[in-house]
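The values are calculated or read from the model by the stated rules, or taken from the named source; none is laboratory data. What you are looking at is a predicted structure, and each value in this text was computed from that prediction instead of being measured. Here the Cβ positions follow ideal geometry from the backbone for every residue, glycine too, while neighbour counts run over all protein chains shown. When the accessible area is computed, the model is the full protein with side chains, heavy atoms only, and any ligands, DNA or RNA have been set aside. Shrake-Rupley method; radii C 1.70, N 1.55, O 1.52, S 1.80 Å.
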Amino acid sequence: MSTQGSPQTRDDSVPTPADVVAPAGDVAGPGDGAPARPEATEAAAAPGSGPASVSASAPPPVEPAGAEEPKGRRRIGVLLVVALLAFLVDFGSKLLVVARLENHSAIKVIGDVVTFQVIRNSGAAFGMGQALTVVFTMIASAVIVVIWRIARRLYSLPWAIALGLLLGGALGNLTDRLFRSPGVFRGHVVDFISVQHFAVFNLADSAIVCGGILVVLLSFRGSNPDGTVHQQADKGEQADKGE
């Protein structure tokens with residue numbers, strides 16, 4: 001007599017213990033009567049799981065390497081204020097000396113070294129080029145246009161002061177060229193500050209000279225009107241080439 005489950009008497013309709021074992025990887029649901037695996041329960045209940053946790057842990061976007069930091073405020077207002085002050089001081093001084101000193105004897109300020117006397121100058125600053133009145137008028141106009149173009153990218157305070165002095169001085173002398181006798185573009189500039197063994201000039205000439213000196217000093221220091229330093233820029237370019 002053969003026992004149950006032997007090869008001779010095995011009935012395919014009766015399941016054996018090997019058939020009851022679930023295949024690996026299958027998880028019985030609650031309706032199957034089998035408890036859920038604790039690992040699956042913890043993974044499902046863990047906070048931050050799912051697509052939201054992937055987006056939350058993603059690194060922030062990286063800015064381009066060539067992005068520049070803000071340069072600060074533009075200094076057009078400073079340039080205009082300095083230019084206006086230089087122009088008004090020059091214009092007012094010329095009105096005063098023409099009304100009080102023209103056709104009068106010179107006034108001694110520091111002995112014979114510095115005196116005030118009105119001289120009509122048809123040339124450039126300090127009486128140079130008196131036969132080129134129209135040429136100097138055109139040059140002054142070109143200087144004003146160039147300064148205004150630079151002002152659109154002006155972020156440096158020292159450069160704003162320097163260009164303001166240049167602009168105010170150029171406008172002061174250009175006003176004389178346009179509105180004083182003998183005619184438009186040929187007007188003579190009013191000079192009244194006389195320095196012994198030097199020249200006769202006005203406050204507009206002084207503003208132009210001071211602004212020019214400041215521009216030269218800023219250029220030697222490597223400062224640019226936009227607030228950058230070109231020496232640092234050159235070092236950065238050399239470092240990039242070395243890499």
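Among the residues of segment 183-238, which ones are at pLDDT 85 or above and of a type in the set (Asp, Glu)?
Passing the criteria: ASP191, ASP205, ASP226.
Note down all Cβ pairs under 8 Å where the first residue falls in segment 93-111 and is without any contact (Cβ under 8 Å) to a residue 12 or more places away in the chain, the second is surrounded by 13 or more Cβ atoms within 10 Å (Cβ to Cβ) and in a loop (DSSP other than H, G, I, E, B), and they're at least six residues apart or on different chains.
So the pair list comes out as ILE107/LEU101.
The conditions are (1) within 17 Å of ASN202 (Cβ to Cβ); (2) modelled with pLDDT of 90 or more; (3) not β-branched (Val, Ile, Thr), and ALA140 fails exactly one of them. Which is it?
It is condition (2) that ALA140 fails.
Go through (1) touching a strand residue (DSSP E or B) at 6+ places or on another chain (Cβ under 9 Å); (2) modelled with pLDDT of 90 or more and name the single condition ALA99 misses.
(1)
If ARG153 satisfies every condition in (1) modelled with pLDDT under 90; (2) in contact with an Asp or Glu (Cβ under 8 Å, 6 or more places away or on another chain); (3) closer than 17 Å to ALA204 by Cα but one, which is the exception?
Answer for ARG153: the failing condition is (3).
Rundown of residues vs (1) under 31 Å from the mean Cα position of the chain (by Cα); (2) at pLDDT below 80, yes/no style:
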{"site": "ALA46", "(1), (2)": "no, yes"}
{"site": "GLU68", "(1), (2)": "yes, yes"}
{"site": "ARG74", "(1), (2)": "yes, no"}
{"site": "LEU95", "(1), (2)": "no, no"}
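Any chance segment 159-166 includes a residue that's buried (at least 22 other Cβ atoms within 10 Å of the Cβ) and touching a Pro at 6+ places or on another chain (Cβ under 7 Å)?
yes
Taking the condition of being under 39 Å from the mean Cα position of the chain (by Cα), of a type in the set (A, V, I, L, M, F, W, C) and within 26 Å of VAL114 (Cα to Cα), how many residues in segment 177-192 meet it?
Residues meeting the conditions: 2.
Across segment 178-234, what is the number of residues that are part of a helix (DSSP H, G or I) and open to solvent by 70 Å² or more (accessible area, probe 1.4 Å)?
Pass one, segment 178-234, residues part of a helix (DSSP H, G or I): 178-179, 203-220, 230-234.
Next cut, open to solvent by 70 Å² or more (accessible area, probe 1.4 Å) only: 179, 210, 213, 216-217, 220, 231-232, 234.
Count: 9.
What number of residues within segment 77-122 satisfy the criterion of being within 22 Å of LEU167 (Cβ to Cβ) and surrounded by 14 or more Cβ atoms within 10 Å (Cβ to Cβ)? First the steps, then the outcome.
Pass one, segment 77-122, residues within 22 Å of LEU167 (Cβ to Cβ): 77-95, 121.
Filter once more, so that each one left must be surrounded by 14 or more Cβ atoms within 10 Å (Cβ to Cβ): 78-87, 89-91, 93-94, 121.
Going through segment 77-122 one residue at a time, the tally reaches 16.
If you take the residues of segment 142-177 that are among the hydroxyl-bearing types (Ser, Thr, Tyr) and out of contact with any Ser or Thr (no Cβ under 8 Å at 6 or more places or on another chain), which of them is farthest from GLY77 (Cα to Cα)? Step through it out loud before you land on a result.
Initially, segment 142-177 is screened for residues among the hydroxyl-bearing types (Ser, Thr, Tyr), giving 155-156, 175.
After this cut, where a residue has to be out of contact with any Ser or Thr (no Cβ under 8 Å at 6 or more places or on another chain) as well, the list is 155, 175.
Numbers: TYR155: 11, THR175: 22 Å.
The extreme case among them is THR175.
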